[in-house]
Amino acid sequence: MNTALEFEEASTTTVNPSIHSEHRSHHSNHGGVGMDQTNVVAFIGYGVEFKGVIKYQGNVRIDGQLDGEVHANGTLYLGEQAILTGKIVAQAVISKGHITGDITTQDKIQLLAPAVLDGSIVTPSLFMEEGVTFNGTLEMPTSTAPTAELEDSLDSLTVSETLTPA
């Protein structure tokens, strides 16, 4: 079963922390990332396809497909079945999924097998397990200060718009 949510390309949303509560029991399904995810505030489940821009405060887990952008001041977790095509700007990214696009983080990126990343990375800390595929460029700034792009993205999280189906 494929559930598709499509939104106009220019649409953005800020995820409300209360929408996640019913998904806590699904974290171990579909190749769960073996990291502490107790503070996950939003969840895109396996079989869900989402197109658009997601802006959120807190941690988010994706096990489905996302085509667009993710802007976060928390950690983005991608499960083994996750497919993300687009741009990621976050505090941290921990992935077992497939990412095609550019990632900028303030803290770290962890790529856990069998993750695939095709794109550029800007992060002060990178960890890759054996079995990960990485094709792209890597920039590791010497300062842990947020990049201008990350600061601009995180500052804009205070603005909230509601998505409506196209």
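All of the numbers you see were taken from the coordinates with simple rules; none came from a lab. Here the structure is a predicted model, which means the values were calculated and not measured. Ideal geometry is used to build each Cβ from the backbone, glycine not excepted, and the neighbour counts take in all protein chains shown.
3J(HN,Hα) along the stretch 81-95: 8, 5, 10, 10, 10, x, 10, 10, 10, 8, 5, 8, 10, 10, 9 Hz, from the Karplus curve 6.51 cos²θ - 1.76 cosθ + 1.60 with θ = phi - 60°, whole Hz, x for Gly and Pro. Near the amide H of Gly47, within less than 5 Å, lie the amide hydrogens of Gln65, all on another chain or at least 5 residues away, with H placed in the peptide plane. For Thr142 and Thr100, a Förster radius of 25 Å and the Cβ-Cβ distance give a FRET efficiency of 0.35, rounded to the nearest 0.05.
Approximating the spin labels as points 7 Å out from Cα along Cα→Cβ, the Asn135-to-Asp118 distance works out to 0.5 nm. Near the amide H of Ser120, within less than 5 Å, lie the amide hydrogens of Gly101, Asp102, Ile103, Thr137, all on another chain or at least 5 residues away, with H placed in the peptide plane.
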